[in-house]
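The values are calculated or read from the model by the stated rules, or taken from the named source; none is laboratory data. The model shown is predicted, which means the values in this text are computed figures rather than measured ones. A quick note on method: Cβ atoms are made from the backbone with ideal geometry, for glycine too, and the neighbour counts reach across all protein chains shown.
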Amino acid sequence: MPSNTKYIFVTGGVTSSLGKGIVSASLANLLQARGHSVTIQKLDPYINVDPGTLNPYEHGECYVTEDGAETDLDLGHYERFLNTSTSQENNVTTGRIYKSVIEKERKGEYLGKTVQVIPHITNEIKEHIQILGKKGIYDFVITEIGGTVGDIESLPFIEAIRQLNWELPKNVLFIHLTLIPFLSATGELKTKPTQHSVKTLLEYGVQPHILVCRTEHPLDDEIKSKIARFCNVDQTAVIESINAETIYDVPILMQNQKLDEVVLTHFGMSTNNQTDLTNWKKFLTNHKNPNQEVEIGLIGKYVELKDSYKSIVESIIHAGAKNRTNVKIKWIHSESINKNNVAELIKNLAGVIVAPGFGQRGIEGKIHAIQYVRENNIPFLGICLGMQCAVVEFARNVLGHKDAQSTEIDPETPFAVIDMMKEQKSIKNMGGTMRLGAYPCDIDKDSKVFDIYKSKAITERHRHRYEFNNSFLKSFNSNGMKTPGVNPANNLVEIIELSTHPWFIGVQFHPEYKSTVINPHPLFVNFIAATTKIKKQEKSLVNE
Ligand code: GLN
């Protein structure tokens, strides 16, 4: 029986960075809130097989799924908005398409044919688009096409969706996201770039059904009717997407513009069922009406590009709302921290997060910061490299191994407290070869993390090559650094904590990948709660 999944494609025009990911996630959210099952997929036009080998300065954070795919950061938005997991199939790049086609060609699967962009590459793209739909579990698969219409590299994707529309005429919808710029000199909103962008799409054989128009000013009926007329769409299908205070407002703004209704009507589906956004709205109320404020430090080496830490920042927002706390982030470049300025930089902060990362740059700054928060009882959350730095710091300053280091930074260190996993040592390829995806972790009942997770067995997502070196375990444990979270299969240390500190936890995994609006991550929620407690204690001391 053919699946009746509906395919919605979201393209972007005029400029990049208009927020296709957020619009896609918001539409998905609205459809889900009406009781439909929805997933979102991203097609990225670059040649990397996946973003795992990209420097964060290129496209921001690399987001990791449960099944260990290294993906575009938009997948993080999809999960945070929908509270459901994505997978390897939710992010496909040009590189992956070509790799698969070339492998098939080498195996002789094309039976002597000349292998070409059309039909072989486009067929491969269409197959990938439909993998999720053919599972038979989704009413809607929303596919976001990366890049901007007109780019050479996204042409095969546009051609593939044109063909799909031809093949599944009742089950395809095109949404085009464009920009309506405001010219302050004349005080006017301009529709011409949108007209041109739609014209470019038409040249490729794609007529959008809905235009979502990013704008800094409301679009009145006159301008909507002009856009509708020039772009062959119904006026109700010209959707204003005005700048929002927070990305989490966008589903509500899209609902006000009836985006979901226009979509359902296009497919001849009922618009009668209620949209249940109760929990979402509760989150928004908490987020926008905090009753206290704290400032925490986020220490990393990519702080010039905040998108490098997207999931951490969003997890802090979720946890802030849960605590009715406005959490301000002080971004601290790890390279800027030294022995002399560390106190000045950190002493007034309610908590510190040391971020994940790779390589030597900024390591010493992170270690200085961790020593300061450890000695001064400031709440600390170390994530992946952040945890590894906490282990190195403890080895140096508590255990007295002055040359302790991770072998990632110094392969010759005599105290390799963080070392490469055995299985990693023979691996030469960089792409997709780290310890990736969800792994189980058993938690010791006698620990702070047990109180936080309220569970003896958890799973969390990983992305790293190095590990706590268990040959030092005893000396860490007997000197106050507990290791209450361990992988049950191989005894790898997953969590460290200091029993004598108010809140000092390091995790080898990435809790930030699992925090969603509806399910904020317990570690972040508890960390923010700890920062507010410390603030309150300070206040009461001052008042005494
Ligand atoms: N560079 C470290 C490793 O590979 C940490 C990685 C991370 O922080 N994601 O183990």
Practice problem: Using the structure shown, decide if V417 is over 24 Å from the mean Cα position of the chain (by Cα), farther than 25 Å from E61 by Cα, in contact (Cβ under 8 Å) with a residue 24 or more places away in the chain and within 13 Å of the ligand (Cβ to nearest atom). | Solution: yes
Quiz item: So, in segment 145-196, of the ones that are hydrophobic (A, V, I, L, M, F, W, C) and over 28 Å from I118 (Cβ atoms), which residue ends up nearest to the chain's Cα centre (by Cα)?
Solution: L179
Exercise. Report, by residue number, each residue of segment 160-214 that is of a type in the set (A, V, I, L, M) and surrounded by fewer than 17 Cβ atoms within 10 Å (Cβ to Cβ).
Key: L183, A185, L202
Exercise. Take M434 and decide whether it is among the hydrophobic types (A, V, I, L, M, F, W, C), closer than 23 Å to E70 by Cα and surrounded by fewer than 16 Cβ atoms within 10 Å (Cβ to Cβ).
Key: no
Quiz prompt | Residue, nearest to V391 (Cα to Cα), within segment 426-452, restricted to residues that are within 13 Å of the ligand (Cβ to nearest atom) and in a loop (DSSP other than H, G, I, E, B) | solution = M434
Quiz prompt | The lone exception for G268 - which of (1) assigned to a helix (DSSP H, G or I); (2) more than 29 Å from N519 (Cα to Cα); (3) among the small types (G, A, S) it fails | solution = (1)
Quiz item: Regarding V417, is this residue out of contact with any Asp or Glu (no Cβ under 9 Å at 6 or more places or on another chain) and aliphatic (A, V, I, L, M)?
Solution: yes
Quiz prompt | Subset of segment 148-186 (residues that are over 23 Å from R214 (Cα atoms) and polar (S, T, N, Q)) | solution = Q163, N165, N171
Quiz prompt | Subset of segment 104-137 that is in a helix (DSSP H, G or I) and of a type in the set (K, R) - its residue that is surrounded by the fewest Cβ atoms within 10 Å (Cβ to Cβ) | solution = R106
Quiz prompt | Restricting segment 453-501 to residues that are more than 22 Å from F415 (Cβ to Cβ), among the small types (G, A, S) and modelled with pLDDT of 95 or more, the residue that is nearest to the ligand (Cβ to nearest atom) | solution = G485
Quiz item: Looking at (1) buried (at least 20 other Cβ atoms within 10 Å of the Cβ); (2) under 17 Å from A395 (Cα atoms), can you tell me which one S475 breaks?
Solution: (1)
Practice problem: Out of the residues in segment 310-363 that are within 15 Å of the ligand (Cβ to nearest atom) and among the charged types (D, E, K, R), state the one that is surrounded by the most Cβ atoms within 10 Å (Cβ to Cβ). | Solution: K310
Quiz item: Quick one: in segment 368-387, which of the residues that are buried (at least 24 other Cβ atoms within 10 Å of the Cβ) and over 16 Å from I312 (Cβ atoms) is nearest to the ligand (Cβ to nearest atom)?
Solution: I370
Quiz prompt | In segment 388-414, residue farthest from the chain's Cα centre (by Cα) [restricted to those that are surrounded by 20 or more Cβ atoms within 10 Å (Cβ to Cβ) and in a helix (DSSP H, G or I)] | solution = A395
Practice problem: Please name all residue pairs, on different chains or six or more residues apart, with Cβ atoms under 7 Å, provided the first residue is in segment 86-114 and is touching a residue at least 60 places away in the same chain (Cβ under 8 Å) and the second residue is part of a loop (DSSP other than H, G, I, E, B). | Solution: T94/P45; T94/Y46; T94/I47
Quiz item: What pairs come up if the first residue lies in segment 309-324 and is more than 28 Å from F358 (Cα to Cα), the second is surrounded by fewer than 24 Cβ atoms within 10 Å (Cβ to Cβ) and of a type in the set (K, R), and their beta carbons are under 9 Å apart, counting only those six or more places apart or on different chains?
Solution: A321/K282; A321/K288
Quiz item: For segment 1-34, what are the residues that are assigned to a loop (DSSP other than H, G, I, E, B), at pLDDT 95 or above and of a type outside the set (D, E, K, R)?
Solution: T5
